[in-house]
Amino acid sequence: MIEVARLTKRYGRKLAVDDVGFTVRPGRVTGFLGPNGAGKSTTLRLLLGLDHPDGGTALIGGRRYRDLRHPLRTVGALLDGAGPVPERRGVDHLAWIAQSNRIPRRRVREVLDLVGLTGAAGQRVKGYSLGMGQRLGIAAALLGDPEVLVLDEPVNGLDPDGIRWVRDLLREYAASGRTVLLSSHLMAETAGTADDAIVIAGGRIVAHGSLDDISAGH
Ligand code: ADP
Ligand code: ADP
């Protein structure tokens, strides 16, 4: 469960996130939708403790990110710009994250298999296609088998097969009773994946409900 309340973030005079509040429930895929610059990434960064809010709270399982006892076992995230070292092999990138978070080594093999990267695990990341890099990022997010999955624009750069694969993975994850929040600037891309949607524009929440209702109303 994700609970965001009265969240505010300024960059200089710009209110990037303006009194944002929403709840994301388990067992469903929730889309976090809005145009570029709407405040999606900023909200997700605040949720994941990568930045401090000017006001309000962002909680995962009732705690702020930095107060989580096992962060990676609680929440897995795919964010922009948090890529692996290009010189590293895919498998080593995951092994390093696993080791620094006390996740059993065998889990690396499991997630590589889950994302279909077993064959490419020994290659250096700099040789990966965009889609392979995205799969590796998702593998890293899944390492801790987290209760909550947060993905910022997960299908960017993926071909239709890749998009379908992400959709199936997220639907399966949510069906197992976990919480999935995925941001996207494309509403159509999220249809068929998300059950619910939270729509943000200009830093403010403008709609929150079932994706069908929201699509119909716009
Ligand atoms: P989205 O993810 O929806 O595209 P962002 O959260 O990245 O939107 O950005 C929201 C607003 O905050 C935009 O106007 C963006 O330019 C601004 N912004 C985001 N990060 C910074 C930053 N580090 N410094 C200054 N402005 C920022
Ligand atoms: P520092 O890095 O200086 O130790 P803190 O981690 O103590 O900063 O956080 C700075 C401020 O931001 C504190 O008032 C803290 O309560 C607040 N803060 C940080 N993360 C969150 C969050 N997810 N929700 C609400 N407040 C937060």
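Hey, if you put +1 on the Cβ of every Lys and Arg and -1 on every Asp and Glu Cβ in the chain, which of A207, H185, A121 ends up farthest toward the positive end of that dipole?
Ranked along the dipole, the leading option is A121.
For the chain, with a Gaussian network of springs between Cα atoms less than 10 Å apart, report the residue from S41, S184, S176 with the top mean-square fluctuation.
Maximum fluctuation in the GNM of the chain, among the listed residues, is at S176.
Along Cα→Cβ, 7 Å out, is where each label goes; now give me the distance between the ones at Q99 and N156 in nm to one decimal.
Distance between label points: 3.0 nm.
Restricting to the chain, compute how many DSSP beta bridges are antiparallel as a %, nearest 5.
On the way: 20 of 38 bridges.
So the antiparallel bridges in the chain amount to around 55 percent.
If you average the alpha carbon positions of segment 161-190 and of segment 85-115, how far apart do those two centres end up, in angstrom?
Using only Cα atoms, the two centres lie 22 Å from each other.
Placing +1 at every Lys and Arg Cβ and -1 at every Asp and Glu Cβ, with all other atoms neutral, what dipole size does the chain have around its Cα centre, in debye to the nearest 20? Before the final figure, lay out the partial values.
On the way: 29 positive and 24 negative charges, 177 e Å.
The dipole magnitude comes to about 840 debye.
Which of the three applies to segment 1-90, rounded, prolate or oblate, going by the alpha-carbon gyration tensor with a ≥ b ≥ c and a/c under 1.5 meaning rounded?
Numbers: a/c = 1.58, a/b = 1.20, b/c = 1.32.
Taking the square roots of the gyration eigenvalues as a ≥ b ≥ c, segment 1-90 is oblate.
Please arrange M187, M1 by how many other C-beta atoms lie within 10 Å of their C-beta, fewest to most.
If I rank by nearby Cβ atoms, fewest first, I get M1, M187.
To the nearest 20 debye, what charge dipole does segment 142-217 have about its Cα centre, counting +1 at the Cβ of each Lys and Arg and -1 at the Cβ of each Asp and Glu? Before the final figure, lay out each step's value.
Working: 5 positive and 13 negative charges, 31 e Å.
Once rounded to the nearest 20, the dipole reads 160 debye.
Would you mind estimating how fast the chain diffuses translationally, via Stokes-Einstein at 37 °C and 0.692 mPa s with the Kirkwood radius over Cα pairs, in µm²/s? The partial results should precede the final answer.
Numbers: Rh = 17.6 Å.
For the chosen part, D equals 187 µm²/s.
What shape does segment 157-209 have by the C-alpha gyration tensor, where a ≥ b ≥ c are the square roots of the eigenvalues, rounded means a/c under 1.5, and otherwise prolate means a/b greater than b/c and oblate the rest? Please list the in-between numbers first.
Working: a/c = 2.62, a/b = 1.37, b/c = 1.91.
Oblate, since a/c reaches 1.5 and b/c is not below a/b.
Which one, P160, P35, P26, has the greatest fluctuation when you compute a Gaussian network model over the chain with C-alpha springs under 10 angstrom?
In the Gaussian network model the winner is P160.
May I ask you to list the aspartates and glutamates whose Cα is less than 16 Å away from that of K9, ignoring any residue fewer than eight positions away on the same chain?
K9 reaches D18, D19, D51, D54.
Pick from D18, D195, D67 the residue whose mean-square fluctuation is largest in a GNM of the chain, springs joining Cα atoms under 10 Å.
D67
Taking Cα pairs under 8 Å and at least six residues apart, what relative contact order does the chain come out at, in percent? Write out the running numbers ahead of the final one.
Working: 431 pairs, mean separation 67.5, N = 218.
This gives 31 percent for the chain.
May I ask you to sort F22, F32 by Cβ crowding, counting other Cβ atoms within 10 Å and putting the fewest first? Each step should come with its number before you reach the end.
Numbers: F22 18, F32 29.
Lowest to highest Cβ neighbour count: F22, F32.
Every number in this text was worked out from the coordinates using simple rules, so none of it is lab data. Quick caveat: nothing in here was measured; it's all calculated off a predicted structure. Every residue, glycine among them, receives a Cβ derived from its backbone with ideal geometry; neighbour counts consider all protein chains shown.
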